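Below you'll find the structure I mean.
The values are calculated or read from the model by the stated rules, or taken from the named source; none is laboratory data. Being a predicted model, the structure only gives us computed values, none of them experimental. Here the Cβ is made from the backbone with ideal geometry for all residues, glycine too, and neighbour counts use every protein chain on show.
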Amino acid sequence: MAVYTAPLRDMKFVYRELFNGDDLQKLPGYGDFSPDVVDAVLEEAAKISQEVLFPINRSGDEEGCTFENGVVRTPKGFKDAYDQFTAGGWTGLGAHQEYGGQGAPKALNMLVEEMICSANMSFGMYPGLTHGAYNALKLYGTEDQKQLYLPKFADGSWSGTMCLTEPQCGTDLGLVRTKADPQADGSYNLTGTKIFISAGEHDLTQNIVHLVLARLPDAPPGIKGISLFICPKFLPKADGSVGPRNGASCGSIEHKMGIKASATCVINFDNAKGWLVGEKHKGMRAMFAMMNTARLGVGVQGLGLSEAAYQGGLLYARERLQGRALKGAKFPEKPADPLIVHPDVRKNLLTMKALTEGMRALVMWVSTSQDLAEKAATEEERTRHDDLIQFLTPVVKAFGTDIGFDNANIGVQIYGGHGYIREHGMEQYVRDARITQIYEGTNGIQALDLVGRKMTAHYGRYMRAFFHPVQAFIEENAADPKMEEIVLNLAKAFGRLQQAVGAVAQKGLSNPNEAGAASSDLLKLLSYVSVGYMWAKMAKLAFSKEGDDPTGFYKGKIKTARFYMTKLLPQTGALLSTILAGGETIMDLEDELFSAAVAA
Ligand SMILES: Cc1cc2nc3c(=O)[nH]c(=O)nc-3n(C[C@H](O)[C@H](O)[C@H](O)COP(=O)(O)OP(=O)(O)OC[C@H]3O[C@@H](n4cnc5c(N)ncnc54)[C@H](O)[C@@H]3O)c2cc1C
């Protein structure tokens, strides 16, 4: 059975013990977030996730959204859950206090987002998209736009969307055709069709505010001619209340593989009134600033699903009786032993556990860095933290969602045929997880972002923000006998990463196809090392607390770290080999020969 209990012990561990989250309270604006308040937030978030969102996850998947006469209805229970969610102030947790939010640290907010995604990823899409729109307007909106929209986003009465994709363009947004015609009153009339718009239309909020990429009449072609507009479903009146209907409407909803309770809409803009956000033709800059945060959020969706799949798999592996332990019955009084005695099942469970907890730690590193990049005392510190975020964003997005999907798949495997049928809810995780590898920049595009931008930016400065702490950790702990096995494995993998980066940088300079061909493998290699660094840090901390470990939490960390180092991290060896083999065999086969096997 699908089950979900928020992993509060591990969340408090990564927040408090591993990354000194309680110190965030000393940063400007975070004074209210004392350890007690942080605990209370986590515990209340666990409650609403477990008791309100999780119970409508399966029914939401079965029922899906419906579309009739331009109206989209979310599944039974979603409106009620959303009302409880907003009443509890959850839409405003990360929003700034000046706009009516609670101004929580981003690191804390990430943990809450993880719980929401574990419990009900479809539900999480609605506040998630609003959060994205909030960030874009906060960064690039005029003061009037911020005053009008941000408090409504924070209290959840209005929701947001991101309208980028059109039928002819997804990855390549330079092909956007939606037009924006300037009007005498300073507004713009938007005309065009956007597809795949999450939360584009629904029945949860009083208004839906679209952030739309469109092209002005004098726009240069391609990506440099895209501007960003705000376009609400209902035009706001002067007092901020909801006014007449605007020309933005839902044409249909998609029937899709997963996240069925999240409405994915075609939105038609028919001379819809909109207003420019930021500068003309600089829409992509605004979009990218927002997208970086959104990409971390999507990585957390993967993490949330990974945790949920692990919990479901573990429960079943303990209950299901099949076969006997290889070294003799462990429970001779029972007709058979539980699945968890079998090495192959244990390997599956440990893979899920090691990747999930490792990714949670990595997300915490990046999100505490987000807080410090914004609020640390010195420019030097803020830049260093921002550099790290830039470098690790593709890792969190791509590896977070890859492990989300892979672990959901392992979850099904642990259930055997009972995982494949719908009853237990495990197959839903696979279907829900799949989209996370695609939207917000496919994982292939994340890999190109790594090799094309993040590795080379400022002569490798982003990369150094990651390499330096890993190198320092290895040097500091090499002589610690308890850490020997762990540091040795980490150092080996780190060496492979350095070698791979050098090879890709060198070959890519003369032939960009070499960089493109290596990109996904390099991102994966970096991901394994990043999570390996997290496990090494967790193990070190756990060794220091071995003497005070009544529940065995730290013992579990040390043993899982050893598993990660010896059974998962060595995959970096194979990845290095494929990277060093170069891209020649990838580019060599003539396009027409891809179909040679089907020719008569
Ligand atoms: C359920 C769902 C929700 C979505 N929500 C939103 C939303 O809220 N707002 C929104 O604007 N969009 C949304 N999208 C759209 C989503 O972001 C796009 O589908 C995604 O960006 C990929 O674009 P595409 O589908 O056009 O694929 P394409 O761009 O056609 O790409 C197809 C494949 O080719 C690869 N590829 C493309 N270009 C390159 C290249 N230059 N180099 C290497 N590989 C390349 C891609 O990695 C991909 O594997 C959503 C989509 C879905 C299915």
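Can you tell me which residue is nearest to the ligand (Cβ to nearest atom) among those in the stretch 417-440 that are at pLDDT 95 or above and among the acidic types (Asp, Glu)?
GLU440
Could you grab me the full set of residues in the stretch 441-498 that are of a type in the set (Lys, Arg) and either within 16 Å of the ligand (Cβ to nearest atom) or not assigned by TED's automatic domain parsing to the domain that holds LYS559 (or both)?
Matches in the stretch 441-498: ARG453, LYS454.
Determine whether the stretch 206-215 contains at least one residue that is within 14 Å of the ligand (Cβ to nearest atom) and small (Gly, Ala, Ser).
yes
Pull up the stretch 247-276, narrow it to residues that are over 30 Å from CYS117 (Cα atoms) and part of a strand (DSSP E or B), then point me to the one that is nearest to the ligand (Cβ to nearest atom).
For the stretch 247-276, the residue satisfying everything is PHE269.
Now a separate question. Across the stretch 156-176, what is the total count of residues that are outside any strand (DSSP E or B), near the ligand (Cβ under 8 Å from one of its atoms) and surrounded by 15 or more Cβ atoms within 10 Å (Cβ to Cβ)?
Within the stretch 156-176, residues that are outside any strand (DSSP E or B), near the ligand (Cβ under 8 Å from one of its atoms) and surrounded by 15 or more Cβ atoms within 10 Å (Cβ to Cβ) number 3.
Something else: Out of all the residues in the stretch 417-448, which are aromatic (Phe, Trp, Tyr) and part of a helix (DSSP H, G or I)?
Result: TYR420, TYR429.
For the stretch 177-244, which fully contained strands (runs of 3 or more DSSP E) count at least 2 residues that are of a type outside the set (Val, Ile, Thr) and either loosely packed, with under 15 Cβ neighbours inside 10 Å or free of Cβ contacts under 8 Å to residues at least 40 places away in the same chain (or both)?
The qualifying strands (runs of 3 or more DSSP E) are 179-182, 234-236.
Sticking with this one: Can you pull out the residues in the stretch 177-197 that are β-branched (Val, Ile, Thr) and within 14 Å of the ligand (Cβ to nearest atom)?
Correct list: THR178, THR193, ILE195, ILE197.
Need a quick list: helices (runs of 4 or more DSSP H) entirely within the stretch 35-111 having at least 3 residues that are more than 26 Å from ASN207 (Cα to Cα) and either touching a helix residue (DSSP H, G or I) at 6+ places or on another chain (Cβ under 7 Å) or not assigned by TED's automatic domain parsing to the domain that holds THR130 (or both).
The qualifying helices (runs of 4 or more DSSP H) are 35-48.
Considering only the stretch 115-132, I want to know if a residue exists there that is under 28 Å from GLY302 (Cβ atoms) and outside any helix (DSSP H, G or I).
No, there is no match, as no residue in the stretch 115-132 is under 28 Å from GLY302 (Cβ atoms) and outside any helix (DSSP H, G or I).
Now a separate question. Among the residues of the stretch 319-345, write down those that are under 21 Å from ASP406 (Cα atoms), in contact with a Leu (Cβ under 9 Å, 6 or more places away or on another chain) and in a helix (DSSP H, G or I).
Of everything in the stretch 319-345, those that are under 21 Å from ASP406 (Cα atoms), in contact with a Leu (Cβ under 9 Å, 6 or more places away or on another chain) and in a helix (DSSP H, G or I) turn out to be LEU339, ILE340, PRO343, VAL345.
Restricting the first residue to the stretch 507-518 and requiring it to be assigned by TED's automatic domain parsing to the domain that holds GLY452, which pairs with a second residue that is basic (Lys, Arg) and surrounded by 14 or more Cβ atoms within 10 Å (Cβ to Cβ) meet a Cβ separation below 7 Å and a spacing of at least six or different chains?
GLU514/LYS507
If LYS76 satisfies every condition in (1) under 14 Å from the mean Cα position of the chain (by Cα); (2) over 25 Å from ARG360 (Cβ atoms) but one, which is the exception?
Failing condition for LYS76: (1).
Of the residues that sit in the stretch 1-35 and are small (Gly, Ala, Ser) and over 17 Å from ALA45 (Cα atoms), which one is surrounded by the fewest Cβ atoms within 10 Å (Cβ to Cβ)? Let's see the steps before the verdict.
Let us first name the residues in the stretch 1-35 that are small (Gly, Ala, Ser), namely 2, 6, 21, 29, 31, 34.
With over 17 Å from ALA45 (Cα atoms) added as a condition, the list becomes 2, 21, 29, 31.
Values: ALA2: 19, GLY21: 24, GLY29: 16, GLY31: 10.
Taking the candidates together, the pick is GLY31.
Moving to a separate point now. In this structure, is SER187 of a type in the set (S, T, N, Q) and over 21 Å from LYS282 (Cα atoms)?
When the stated conditions are applied, SER187 does not pass them.
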